[in-house]
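Read through the structure below, which is laid out as structure tokens, and then see the notes.
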Amino acid sequence: MSKIVILGAGISGHVAAAHLRRKLSKEHEVLVVSPNSNYQWIPSNIWVGIGRMKSEEILFPLPPLYKKKNIGYKQALVTTFHPEGDTESASPFVNIKYVNGEQKGNTEKVTYDYLINATGPKLAFDMTEGLNPGTNKAYSVCTYSHAEHAWHALDDLIQQMKQGKKAKILIGTGHAKSTCQGAAFEYILNVEQELRRHNVRDQAEVIWIANEYQLGDFGMDGVLLSYGDNIMKSSEMVEMVFEDRGIKWILGAGVNKIEDGIAHYETLDGEYKSETYDFAMLIPAFSGHGFKAFGKNNEDITEKLFKGFMLVDADYTAKPYEEWSVQDWPETYQNPSYKNIFAPGIAFAPPHAISKPRVRKNGTSISPAPPRTGMPSGITAKLVADNIIDTINGKKDLHHKGSLGNMGAACIASAGYGMTKGSGVSITTYPIVPDYNKYPDTQGRKLGKTFGEIGLAGHWLKLALHYAFIYKAKMKPFWWLIPE
Amino acid sequence: MTQRISKSKRFYMMNPIIQFFKFIWLSIKIMLVVAGGHGGTRKVNN
Ligand SMILES: Cc1cc2nc3c(=O)[nH]c(=O)nc-3n(C[C@H](O)[C@H](O)[C@H](O)COP(=O)(O)OP(=O)(O)OC[C@H]3O[C@@H](n4cnc5c(N)ncnc54)[C@H](O)[C@@H]3O)c2cc1C
């Protein structure tokens, strides 16, 4: 009998738990440790942030589902990792701290045979002075409660605009190294459409601010894609959409300080500038959780497990951009020091960025960190689950592999909500990490599988995915037929 | 605001009947990218 402990119940943790439980017999234990007892479909936060969806539509409670499916659940945070056990016991364990109910504040040792770290990112608002969702007129849509808060503030501003107020809206990245530009891109287009729906668009200046060197970089160095009969760069596509919607942009901006209605930033040209606003939504930097790991004799072994995020089978050798290769990217998400520990989704440490790093003269790096969207998070979690099942069944090697350099991703960016007025910018990319050797003439990507589309169908698709993925996450009949 | 999307293109983008077929086409195309599989990059670069 094996015990598999999964830390985190986001997209990757939940996918791993669901597949493990479906495929492993009852004698094996599957246990999830996560502080939030709700599962949330994060991509739909965008619509909560414009008041077109309620939080209740994008989340559901996990404990009843886990109970029904025979998945153990502890509403707690992992605090420390002990992959060699300690002086009392040789069994590896993690320390957890309960966050709710009668047990709140209590700690416990949770032993495991296999550990899946699916704790995603820490939303590091603290890395930008003054950036704290709901203060200084700056908001976030990274969680459903943040998104609700953002909507209340935006709604308030729209009401004031209806009385004649002129307003400036700033949306983008809140740190020089932020990622997740895609979410901010969706939000700015949705906000712009809502302003038109409320007949206040003329009173608003809508501005995109980002650490990207070019529009449409999305932390992936941009993409060359087929669009209808044309081949265009993602920068051209985004520029077309922004110009058409009257959205201005500021690029190469490392936001470093937020004051009440003022965003201060430094640029790649070495200038220090600021932009005022009446409402801002700025994506923070994502960092590791700062976990510590200890050896058998309580010695600090954090560097064997973490480099910010968790170390896996990537090539972490520091090298210049010109020498980066797809082979640097992990395939099995297994920790090299402790073979029974895995980190799918956002929890693994990437070997390097994907976008070309750009550094100011004073050394400040202003360029996006690599994105890891929902689809690769689900795929990597499933392959980790499959490899653990194989190992339990006696297989020696890890057969299931999924490098971001040999995996496609579909990103359906909402560009406005509504069954007849909605829109979506659908982009697929293959592979996610460009392979310049294999596709030298098309900027590292395969053109037939890297394409873009804009229109109402994109909105319907995004909405269909919302319902399909919540159905899947609820583990309703035949859920496993829906791909990650 | 600079009109960058022509009226005919906008009609195409927002017409529910055209977009219904686009929806089916997009769903299939995306499924193919997703179901196209994934793998490693190190031993055999395929
Ligand atoms: C606003 C927004 C919109 C997005 N839109 C899209 C989209 O349209 N398409 C797309 O593909 N991707 C999208 N993404 C990205 C997608 O949400 C992420 O790729 C995905 O959530 C990553 O999954 P994960 O499981 O690795 O991390 P997360 O979803 O962040 O899950 C981490 C889990 O770990 C838990 N946790 C944290 N700390 C601890 C701890 N100490 N102990 C135990 N558990 C812990 C958390 O509570 C959470 O349950 C969007 C992201 C945002 C923020």
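If you rank A:L24, A:L305, A:L7 by fewest surrounding Cβ atoms within 10 Å, what's the result?
On the way: A:L24 19, A:L305 22, A:L7 28.
Least crowded to most crowded, the residues run A:L24, A:L305, A:L7.
Within the stretch A:71-154, which trypsin sites (Lys or Arg not before Pro) sit in a loop by DSSP and count at most 16 neighbouring Cβ atoms inside 10 Å? Before the final figure, lay out each step's value.
Working: sites: A:K74, A:K97, A:K104, A:K109, A:K122, A:K137; in loops: A:K104, A:K137.
Within the stretch A:71-154, the qualifying trypsin sites (Lys or Arg not before Pro) (loop, at most 16 other Cβ atoms within 10 Å) are A:K104.
When every alpha-carbon pair in the stretch A:209-348 is counted, what percent end up more than 24 Å apart? Can you show the working numbers first?
Numbers: 5328 of 9730 pairs.
Taking all Cα-Cα pairs of the stretch A:209-348, the fraction more than 24 Å apart is 55 percent.
Under a straight-distance cross-link criterion of Cα-Cα below 29 Å, which lysines are reachable from A:K165, leaving out those fewer than 8 residues away in the same chain?
Filter leaves A:K54, A:K137, A:K248, A:K257, A:K273, A:K421.
Would you pull out the residues with amide H under 5 Å of A:E259's amide H, same chain only if 5 or more places away, H placed 1.01 Å from N?
When sequence neighbours closer than 5 places are left aside, the close amide H contacts are A:H264.
Points 7 angstrom from Cα along the Cβ direction at A:K339 and A:Y467: gap in nanometres?
For A:K339 paired with A:Y467, the spin-label model returns 4.7 nm.
Principal axis lengths of the stretch A:1-46 from Cα atoms, whole Å, largest first?
That works out to 42, 20, 12 Å along the principal axes.
Any chance you could list the semi-axes, whole Å, largest first, of the equivalent ellipsoid that the Cα gyration tensor gives for chain A, using √(5λ)?
On the way: eigenvalues 265, 124, 107 Å².
Output for chain A: semi-axes of 36, 25, 23 Å.
Roughly how big is the protein assembly as shown's charge dipole about its Cα centre, with Cβ charges of +1 (Lys, Arg) and -1 (Asp, Glu), in debye to the nearest 20?
Working: 61 positive and 51 negative charges, 302 e Å.
Dipole of the protein assembly as shown, to the nearest 20 debye: 1460 debye.
Non-local amide H neighbours of A:W249 (under 5 Å, H modeled in plane, Pro and chain starts lacking H): which ones?
Placed amide hydrogens put A:W208 under 5 Å from A:W249.
Could you work out the percent of alpha carbon pairs in the stretch A:328-383 separated by over 12 Å, rounded to a whole number?
70 percent
For the stretch A:1-92, count all C-alpha to C-alpha pairs, find those more than 19 Å apart, and express that count as a whole percent of the total.
50 percent
Enumerate the amide H contacts of A:I6 below 5 Å, restricted to partners 5 or more residues apart or on another chain; note that Pro and chain-start residues carry no placed amide H.
A:L31, A:V32, A:V33, A:I116
Determine the distance separating the Cα centre of the stretch A:248-327 from the Cα centre of the stretch A:134-212; give it in Å without decimals.
Computed from Cα coordinates, the inter-centre distance equals 23 Å.
In whole Hz and in residue order, list the ³J(HN,Hα) couplings for the stretch A:340-345 that follow from phi through the Karplus curve 6.51 cos²θ - 1.76 cosθ + 1.60, θ = phi - 60°; x for Gly and Pro.
3J(HN,Hα) across the stretch A:340-345, in whole Hz: 9, 10, 10, 9, x, x.
Could you calculate the contour length gain from A:S365 to A:T420, that is, 0.36 nm times the residue separation minus the distance between their Cα atoms, to one decimal place in nm?
Numbers: separation 55, 0.36 × 55 = 19.80 nm, distance 4.24 nm.
Residue separation times 0.36 nm, minus the Cα-Cα distance, leaves 15.6 nm.
I want to make sure I understand the PRE zone here: with the label point 7 angstrom from the Cα of B:S27 toward its beta carbon, which residues in the stretch A:422-437 have backbone N atoms less than 17 Å away?
Flagged as within label range: A:424, A:426.
For the stretch A:430-479, go through all pairs of different Cα atoms, get the mean of 1/r, take its inverse, and jot down that Kirkwood value in Å.
Details: mean 1/r = 0.0744 Å⁻¹.
Radius from the Kirkwood sum: 13.4 Å.
Using a Förster distance of 45 Å, how high is the FRET efficiency between A:S25 and A:E57, based on the Cβ-Cβ distance and rounded to 0.05?
E(calc), rounded to 0.05, equals 0.80.
Summing Lys, Arg as +1 and Asp, Glu as -1, what charge do residues with Cβ under 13 Å from the Cβ of A:A457 carry, A:A457 excluded? Mind dumping the intermediate values first?
Working: positive: A:K462, B:K22, B:K29; negative: A:E453.
Spelling it out: positives minus negatives among the neighbours equals +2.
Please list, in order along the stretch B:6-15, the HN-Hα scalar couplings obtained from phi with the Karplus expression 6.51 cos²θ - 1.76 cosθ + 1.60 (θ = phi - 60°), rounded to whole Hz, x for Gly and Pro.
For the stretch B:6-15, the Karplus curve yields 5, 4, 5, 5, 5, 4, 4, 5, 10, 6 Hz.
Give me A:S12, A:S2, B:S6 ranked fewest to most by other Cβ atoms within 10 Å of their Cβ, as a rough exposure proxy.
Details: A:S12 34, A:S2 17, B:S6 9.
Lowest count first: B:S6, A:S2, A:S12.
Enumerate the whole-percent occupancy of each 5 Å bin, from 0 to the last occupied one, for all C-alpha pair distances of chain B.
Calculated over all Cα pairs of chain B, the distribution is 5, 17, 13, 13, 13, 11, 9, 8, 8, 3, 0 percent.
Work out from phi, with θ = phi - 60° and the Karplus expression 6.51 cos²θ - 1.76 cosθ + 1.60, the ³J(HN,Hα) of each residue of the stretch A:124-130, listed in order in whole Hz, and give x for Gly and Pro.
Listing the rounded values in order: 8, 4, 5, 7, 10, 4, x Hz.
Values quoted throughout were computed directly from the atomic coordinates according to the rules given, and no laboratory measurement underlies them. Note that the structure is a prediction, hence the values are computed from the model and not measured. A quick note on method: Cβ atoms are made from the backbone with ideal geometry, for glycine too, and the neighbour counts reach across all protein chains shown.
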